[in-house]
Structure formats: structure tokens, C-alpha cells
Amino acid sequence: MSLPMMDEEFLTNPYPAYRALQEQGPVHRMLLPSGLRVWAVVGYEESRSALSHPSLSKDIDASVQLGYFDREMSTGGTPRLEHGSVGRHMLNMDPPDHTRLRKLVNKALTARSVKKLEPVIEAISTELLDAAEQRAAAEGGVVDLVEEYTAQFPVRVLGHLLGIGPEHFPVLVSLTAAIMSDDNENAGANMAEFGRHLGELIGRKRAEPADDLVSALIQARDEEERLSDVELVSTLFLMVVAGYETTVNMIGHALRALFNHPEQLAALRRDPGLIAAANEEFLRYEGPGNRATLRFATEPFELGGVQVGTGEYVSVLLGAANRDGAQFGCPHALDVTRSTAGHLGFGHGIHYCVGAPLARLEMEVALRHLLGRFPDLELAVPDADLRWRRSFMMQGLERLPVRLHKG
């Protein structure tokens, strides 16, 4: 079985296809765009189970070495698991290595430590919106909010957190976009180039440490010997890619959802205090990621009525699970007042997104500033004219033209 994963209709609205799969069962044998055969999980309970199942490993490099990857690739498929120097991060690890790396990063990204960043995040948002407003005034009131705000916001926040200057981010963002696309042929080269840039940055930080997360991780490597050089580069790779992609897509999706549901937009304008809770509904309704990263079975086990064999890969389709009617009533309706406890927008289990507190704060600040500062904010083109990036991993808008002030 396969999905029309790269056609425009699926990229714009994958939910009818997900719903059709759910009607046939919670787990299906499927071919990914790369040609890799996987078990695709679309049911909520089965997805939650898969994300924390003890028989599923995240050490994909190990599965390649065991020959599972070659075995599961279809004839003519295009591999893209060349992790190289950037793949040994916590998302591709099992305990105890995963536990060790996550503990180091989590020190900087707890809810309490992230809260201390709020004044900086507020200031970054204000500065970017000042510039966007000036741009709109010069161009008839319309700006591309992706270019002017949502793509720059997480870059500036990450730059402050990691201690990376603005001169480094254009190439890192460009490589991130290439890596998250479905350009399998150049994936290995793009990852290697990303690793080279991060290696140079680490060299500079080692020579001139500062009060930032990169310097702290280097200190952990050099003084405590708890991070290898490869792990250090890979951890920074994960933080840049995940920290950028998650936030830019979260904000864009939330705004598009509100534009398409004016009654929900009106509710948030009347009561901005709803924004923090509403963000959980946005994550459920249309989260930043189409699917979780791959897992493979270390032993046979049963999932959703099917038998998963040793070495077979499992892909959890998060967008489908978060719209499973067995878990969420009226799953295809946006309701900013509903309880969305248990949504899988940030994953589940030991690989639950370590940057979730930061992403939530960025999203709350972004929506509060945008809706408060521009009460007449509206989409400047028909929704049907919006275009989506060609990626099965991360769902994101290429542009979001908005009118900051009506008429």
C-alpha cells in the first residue's frame, strides 16, 4: 500500500487519506517516498504504544549494520540514512546513551530555565514585528509572514540560546530545508556539510567560551568526558534542525487554522488568556511533523492486530493519530477551548520532544504579539493559493502572505 505522499493534494490536506486508512485498520504495510517498506501506524492507541514500545529501537545505524535497511528497501528506492557526523544524537539512540545525552540538554530546556528566556523572546518578537510593520507600510500592507517573522523568530531565539551569531544561520537554515525535504540523493552530502559548519563553530567556541549552551556542552565534553566529538556535533545538529523546523511550522499552521476558522480567531481575540491552552489544540489539529522518526523492531511483537517482524521498520503518522476519532471527539474540527490531553504533537515516551517547553513559549509569545498588535490580521490570498514544502517528514508552508491591517 502507498499514499500519494508527494502530490499537491496530499501535501495540502493529508487528512482524507489518513481517515481512509483508519477506516481499514490502525496499522498498514506501506512504502515511503524513499522506497523503504514500513509499518505505518495511524491509530492513536497504537501510535502511543509504538512511540514507547520496548521492542522498538531508535538506533537506526545499528539496523543498517545488521542489514535490515537493505532488506526493506524496494527495488529502485533511494536511501537517505547517511547520518555521518550528525546522526549520533539522542533521537537516534536508545538508553543508556540516550539518557546521558538528554540529561545534559534538558538542564538548559526545563520549563523553569526556559521561562527565564521569556524577556529575550518577547524582545526578539517585538523587533521582528516592528520590521514587518515597516515593510508592510512600504508595500501596501501585505507581507510574507514566513519570510518576515516565523522563519526568523526561532533562528534569533536559537542564536541567543546556543550562542550562534546571525552570520552562521543563513547556511544552516538552507541546509536544514534541504535535509528536511525529500531530496534523498543529496541527503548525505547536505548532512556532511552541516556537520562541517558545526565543527567549525565548536572550534571557535572552544577557543572563546561564553555563557551559552554550546559552550556548556563543550565543557561537558572536555571536562567530564560525557560527550564524544561526534555526539557533540550531532546534538547541536538536532537542536538547530528540530528547534527551527518545529517552531516555524507550529506558528504558521496555527495562523492558517485561525484564518480558516474565524469564530476561533474571534475567541482568542476576545480572551488572549486562552492562547496557551489553544496551542495544544493547534498541535493536535495540525502539528509541525507529519510523522515520527523511524524505529525498527529488535524482536517480533504484535501491534494493532499485525505481527511486526525483527528488523522491520515502524513509522508513526502523527497527523493521523492526532485526528483519530476514537480518541478525540469531532477530530477534524478546531476547538481552542477543548481538552487535548494526550495529543502526540511532541511525541510520547522517552523521546518526547526535549525542546517542548521552549517551542510552547515561542508559540505563545508569537500568537499573543500578532493578535494583540494586529487585531485586523488576515490572510492576503485565498487559502487554496498557499503552497506547501515537499516533505513527508515536516509539513510547512512555503509562504504566508498576510495583511497586517485591513483596507
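The values are calculated or read from the model by the stated rules, or taken from the named source; none is laboratory data. Since the model is a prediction, treat every value here as computed from it, not as a measurement. Here the Cβ positions follow ideal geometry from the backbone for every residue, glycine too, while neighbour counts run over all protein chains shown.
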Working carefully through the options 216, 187, 177, find the one that is within 23 Å of residue 399 (Cα to Cα) and buried (at least 17 other Cβ atoms within 10 Å of the Cβ). 177
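From 189, 177, grab the single residue that is out of contact with any Ser or Thr (no Cβ under 8 Å at 6 or more places or on another chain) and either assigned to a loop (DSSP other than H, G, I, E, B) or in contact (Cβ under 8 Å) with a residue 40 or more places away in the chain (or both). Talk me through it step by step, then tell me what you get.
Values: 189 fails: either assigned to a loop (DSSP other than H, G, I, E, B) or in contact (Cβ under 8 Å) with a residue 40 or more places away in the chain (or both).
Only one candidate qualifies: 177.
Looking at segment 123-158, which of its residues are hydroxyl-bearing (Ser, Thr, Tyr) and either closer than 19 Å to residue 381 by Cβ or surrounded by fewer than 18 Cβ atoms within 10 Å (Cβ to Cβ) (or both)? So that I can check it myself, show each step before the final result.
First, pick out the residues of segment 123-158 that are hydroxyl-bearing (Ser, Thr, Tyr): 125-126, 149-150.
Scanning segment 123-158 gives 126, 149, 150.
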Being surrounded by fewer than 24 Cβ atoms within 10 Å (Cβ to Cβ) and assigned to a helix (DSSP H, G or I) narrows 274, 258 down to just 274
Counting only residues in segment 26-57 that are at pLDDT 95 or above and in a loop (DSSP other than H, G, I, E, B), the one surrounded by the fewest Cβ atoms within 10 Å (Cβ to Cβ) is identified as 54
Assess whether residue 311 counts as being at pLDDT below 95, in contact with a strand residue (DSSP E or B) (Cβ under 7 Å, 6 or more places away or on another chain) and small (Gly, Ala, Ser). no
Quick one: would you say residue 20 is in a strand (DSSP E or B) and among the small types (Gly, Ala, Ser)? no
From the residues in segment 58-77 that are among the hydroxyl-bearing types (Ser, Thr, Tyr) and farther than 23 Å from residue 351 by Cα, which one is surrounded by the most Cβ atoms within 10 Å (Cβ to Cβ)? 74
Tell me whether segment 102-120 contains one or more residues that are at pLDDT 90 or above, assigned to a helix (DSSP H, G or I), within 24 Å of the chain's Cα centre (by Cα) and within 19 Å of residue 87 (Cβ to Cβ). yes
If residue 341 satisfies all but one of (1) assigned to a loop (DSSP other than H, G, I, E, B); (2) under 18 Å from the mean Cα position of the chain (by Cα), what's the number of the condition it fails? (2)
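Within segment 286-305, identify whether any single residue is surrounded by fewer than 20 Cβ atoms within 10 Å (Cβ to Cβ) and part of a strand (DSSP E or B), and answer yes or no. Let's see the steps before the verdict.
Taking segment 286-305 first, the residues surrounded by fewer than 20 Cβ atoms within 10 Å (Cβ to Cβ) are 293, 298-302, 304-305.
Next, from what is left, pick out any that are part of a strand (DSSP E or B): 301-302.
Within segment 286-305, one or more residues are surrounded by fewer than 20 Cβ atoms within 10 Å (Cβ to Cβ) and part of a strand (DSSP E or B).
Among the residues of segment 58-69, write down those that are assigned to a loop (DSSP other than H, G, I, E, B) and in contact with a helix residue (DSSP H, G or I) (Cβ under 9 Å, 6 or more places away or on another chain).
Scanning segment 58-69 gives 58, 59.
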Do the conditions hold for residue 387, that is, is it within 18 Å of residue 248 (Cβ to Cβ) and either in contact with a strand residue (DSSP E or B) (Cβ under 7 Å, 6 or more places away or on another chain) or among the basic types (Lys, Arg) (or both)? yes
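Name the residue, out of 226, 135, 206, 156, that is in contact (Cβ under 8 Å) with a residue 12 or more places away in the chain, in a loop (DSSP other than H, G, I, E, B) and not aliphatic (A, V, I, L, M). Walk me through how you get there before you give the answer.
Values: 135 fails: in a loop (DSSP other than H, G, I, E, B); 206 fails: in a loop (DSSP other than H, G, I, E, B); 156 fails: in a loop (DSSP other than H, G, I, E, B).
On inspection, the qualifying residue turns out to be 226.
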Kindly provide the set of residues from segment 147-168 that are in contact with a Lys or Arg (Cβ under 9 Å, 6 or more places away or on another chain) and over 19 Å from residue 358 (Cα atoms), ordered by number. 147, 148, 166
